[in-house]
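The values are calculated or read from the model by the stated rules, or taken from the named source; none is laboratory data. What you see is a predicted model; the values in this text were computed from it and never measured. Virtual Cβ from ideal backbone geometry, glycine too; neighbours counted across all protein chains shown.
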Amino acid sequence: MILNEVLQDGGIGNAERSQLRARLTEINQELIFSATVVAGDPMTDTYEIVRGDRLSKLPGKLGLAVDWRLLQRVNAIPDPNKIRLGQKIKLVRGPFHAVVDKSDYRLDLYAGPPEEEGAWVYIRSFRVGLGEGDSTPTGNFVVKRQSKLINPHWVNPRTGERFAADNPENPIGERWIGIEGLGADAVKTGYGLHGTIEPSSIGQQKSMGCVRMHGSDVELVYEVLVEGISRVRIQD
């Protein structure tokens with residue numbers, strides 16, 4: 001928590017912030033994204049599998065604001081359909097949120113109450129690509145309900161060209177996370193976070209306005225952002 005407070009301190013420089021983000025990323029890789037459970041950690045817990053449990057149903061059963069695939073990831077479960085009675089697994093509570101910094105082509109992941117941004121705790125960062133001609137909008141968004149897709153199909157809104165779900169030339173890659181504007185930003189629709197088949201576009205303005213991510217990065221973000229709960233703020 002001390003490092004997080006220092007990170008939020010407006011008095012430190014960019015180099016110090018970068019070093020803090022790197023250090024916190026290392027810490028949270030262990031605390032959040034590994035099977036390690038630290039006593040007293042408010043973000044995680046341990047659960048013992050009981051009869052009738054399915055990994056895909058645990059977030060709903062236990063009130064977790066994460067995708068069940070995150071539980072599979074942190075517990076290194078090879079087959080989600082083969083959990084054992086009495087097996088102890090690590091839980092991650094959530095919710096998580098994203099802040100996209102356009103000036104640095106960076107997405108910062110946080111955890112905390114959706115309505116209390118001041119209480120959010122930094123988790124880690126990812127490099128992103130943005131919309132050509134500065135077309136990625138700024139504003140406050142929420143992950144749209146029924147919008148998260150794995151191996152999505154896509155229709156180019158400019159040309160009408162269609163890309164099937166399994167088409168390796170599909171520009172948006174293997175994940176789509178739709179977002180919709182909140183309040184005065186409600187008019188900003190049709191945007192999302194997604195993968196890319198052009199890794200070189202990360203760090204550049206080459207999309208149609210959406211936020212592009214490397215495949216492995218957007219897979220993790222897909223697992224932590226929840227529809228109707230997780231906030232996404234895009235800022236200059």
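Looking only at region 115-161, which residues are among the small types (Gly, Ala, Ser), part of a helix (DSSP H, G or I) and within 20 Å of Tyr191 (Cβ to Cβ)?
Gly133
Give me the residue from region 59-73 that is within 24 Å of Ala119 (Cα to Cα) and touching a residue at least 40 places away in the same chain (Cβ under 8 Å) and, out of that set, surrounded by the most Cβ atoms within 10 Å (Cβ to Cβ).
The qualifying residue surrounded by the most Cβ atoms within 10 Å (Cβ to Cβ) is Val66.
With respect to Pro137, is the statement that it is assigned by TED's automatic domain parsing to the domain that holds Ile177 and at pLDDT below 95 true?
no
Restricting to region 122-150, count the residues that are surrounded by 14 or more Cβ atoms within 10 Å (Cβ to Cβ) and over 15 Å from Arg233 (Cα atoms).
Selection size over region 122-150: 9.
Run down Ser56, Ser18, Ser34 and say which single residue is in contact (Cβ under 8 Å) with a residue 40 or more places away in the chain and polar (S, T, N, Q).
After ruling out the rest, the residue left standing is Ser34.
Which of (1) surrounded by fewer than 22 Cβ atoms within 10 Å (Cβ to Cβ); (2) in contact with a Ser or Thr (Cβ under 6 Å, 6 or more places away or on another chain) does Pro157 not meet, given it meets every other one?
Pro157 satisfies every listed condition except (2).
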